[in-house]
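Structure, as structure tokens:
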Amino acid sequence: ASDASAAAQKRWNLSDFDIGKPLGRGKFGHVYLAREKRSNHIVALKVLFKTQLQQSQVEHQLRREVEIQSHLRNPNILRLYGYFYDQKRVYLILEYAARGELYKELQKCKYFSERRAATYVASLARALIYCHGKHVIHRDIKPENLLIGAQGELKIADFGWSVHTFNRRRTMCGTLDYLPPEMVESVEHDASVDIWSLGILCYEFLYGVPPFEAMEHSDTYRRIVQVDLKFPPKPIVSSSAKDLISQMLVKESSQRLPLHKLLEHPWIVQNADPSGIYRG
Ligand SMILES: CC(C)NC(=O)[C@H]1CCC[C@H]1Nc1nc(Nc2ccc(C(=O)N(C)C3CCN(C)CC3)cc2)ncc1C(F)(F)F
């Protein structure tokens, strides 16, 4: 079996790793730099406390996250190599993203150039096309869930809110025979939540704030359902970028710009680096 699939099946334990510096705190515990002793492979070890998982009733979510992320193989999706647990903790063996957390980078830069934003959005669209092709929806695309790899490429992490959707048609009616292709592949319909979130992310990359931000939750909720989309005069953003965002932030989910069409949009074609790497 390839080393990757062998890694997935091996029964890991803490003595397989040299633990390095803490990388920071996740929701349910700390993350450490670590090196697997036999292969010298550098990884990130996410340590989760069982008591906290139980209190927050997220065990099923964690199981789904592990099940989904361990099967995904894409350069813009953070790898989950395996997991193990002891009396008190669950350990996730994850890919180490050498350049850290995107949200910190966005805070530091305030907002990104159109070329950087387009390069990131295109790479995320390709990763989401891959996920949707496997009937996986992320459902939680936001700066906090994105990490930056050693070459500057984005990595979608934290599949805690992702779901595996089966074709509803199969459950809703007996025969598929009379359904046209686009309905049989109804994942597009469900997966369109990720298109909306990618549109929000694109706006936030360019303006430094999400489009429907408000002081009160109730105001944000109203602005979302009314799609109260406004583009501030500063920073100056091309009308092509605004056109793309306007085609993604559409209330009727089936009318949102499909991800493969996004990759053909002039703003992406003219600004995104095809490698998905922003070289500045
Ligand atoms: C998506 C999810 C929601 N987020 C997380 O899990 C977060 C929670 C804590 C860390 C991160 N998780 C990961 N982080 C990395 N790499 C990394 C992170 C931070 C730095 C960094 O800037 N410092 C150490 C700096 C160095 C300078 N000092 C001053 C501050 C910290 C550098 C590299 N790789 C994999 C993971 C993963 F996901 F596999 F666990």
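Please treat every number below as a calculation from the coordinates, not as lab data. Remember, it's a predicted structure, so these values are computed and weren't measured experimentally. Here the Cβ is made from the backbone with ideal geometry for all residues, glycine too, and neighbour counts use every protein chain on show.
Relative contact order of region 221-280: 27 percent, from C-alpha pairs under 8 Å at least 6 residues apart in sequence. Taking a straight line from the alpha carbon of K110, these lysines sit under 29 Å away, with near neighbours fewer than eight places off in the same chain left out: K21, K27, K46, K142, K155, K230, K234, K242, K251, K261. Take every pair of alpha-carbon atoms less than 8 Å apart whose residues are at least six positions apart; their mean separation over the length of the chain yields a relative contact order of 18 percent. Taking 0.36 nm per residue of separation and subtracting the Cα-Cα distance, full extension of the segment from T165 to K134 would add 10.3 nm. Helix-only arithmetic for the chain: the sum of -39500 (n - 2.57) across DSSP H runs with n ≥ 4, divided by the residue total, places the mean residue ellipticity at 222 nm at -11500 deg cm²/dmol. Of the DSSP H helices in the chain, those with a Cα length along their own long axis of 24 Å or more and a mean Kyte-Doolittle hydropathy reaching 0.5 comprise 187-207. Kirkwood hydrodynamic radius of region 46-143, from the reciprocal of the average inverse Cα-Cα distance over all distinct pairs: 15.6 Å. Over the C-alpha atoms of region 1-92, the Rg to Rh ratio, Rh being the Kirkwood estimate, stands at 0.95. From the P(r) of the chain, could you give the percentage of C-alpha pairs in the tail past 24 Å? When all Cα pairs of the chain are counted, 55 percent exceed 24 Å. Stretched out straight at 0.36 nm per residue, the stretch from V269 to S218 would grow longer than its current Cα-Cα span by 14.6 nm.
Once backbone amide H atoms are built at 1.01 Å from N, F17 has K37 as its partners under 5 Å, excluding neighbours fewer than 5 places away on the same chain. Note on region 222-280: the alpha carbon radius of gyration divided by the globular reference 2.2 N^0.38 Å gives 1.29. A98 sits among other residues whose Cβ lies under 12 Å from its own Cβ, and their net charge, with Lys and Arg +1 and Asp and Glu -1, is -1. A cut-off of 5 Å between modelled amide H atoms, ignoring neighbours fewer than 5 places along the same chain, links V237 with no other residue.
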